[in-house]
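Engineer: Got a structure for you, questions after.
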Amino acid sequence: MSDPLTDQRSRLVEAFGRDRRRLTRFVERRLFGDGGGDADDIVADVVLRLFERADLLAQVEDVSAYLYRSLTHAVIDFFRRRRPTEDLAAVDPPDGGPDPEEALAASERRGQLCRALAGLSPAERAVWLAVEVDGWSFRALSERWGEPLGTLLARKARATRRLRAALDGLASGLHQRTLPQL
């Protein structure tokens, strides 16, 4: 006799394998070009969450339809989480502006940080940014995302370790809250 959880996961893997490109295009259309390459991340996050909760799929008749509905909700959450950002290049420098060498060094550090963040998995990047940039508490994220508190803590710790490794000596120049000691 086969394991029901394994059967549900197999159904999900089959639906994802069959419809992967269509799922990504579906998300891209709903992002209106605003996603900046986030469509693949959104699809991967949704499939991973459904895979982890495969026991719920036993009650679902059409896994593909359920997958598309989950993607629709993920896109809505994506837009809710986004905050408008200010273009740092458009900000007037105070009193004659910063030293050009300092400005270049700061720009390079920002570039390194952005590349390091891009190297994280979507789940790690999401929890790290939510806690460190947006100021969410782990408990609030756990309730909002339906993820166990320990999972979020582990993802954040893993993300921090990977960022430290990617940034090497840059970590000492960043604020302690940004890259806490583990």
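Engineer: Taking amide hydrogens as modeled 1.01 Å from N in the peptide plane, which residues meet the under 5 Å criterion relative to Trp136, leaving out close sequence neighbours?
Structural biologist: Those qualifying (amide H under 5 Å, at least 5 residues apart or on another chain) are Val131.
Engineer: Can you work out the PRE-style zone for Thr151? Point 7 Å along Cα to Cβ, and I want the residues of segment 13-33 with backbone N under 18 Å.
Structural biologist: Taking a point 7 Å out along Cα→Cβ of Thr151, the residues of segment 13-33 whose backbone N falls under 18 Å are 13.
Every number in this text was worked out from the coordinates using simple rules, so none of it is lab data. Keep in mind that this is a model prediction, so the values were computed, not measured. Methodologically, a virtual Cβ is constructed for each residue, glycine included, from the backbone with ideal geometry; neighbour enumeration extends over all protein chains shown.
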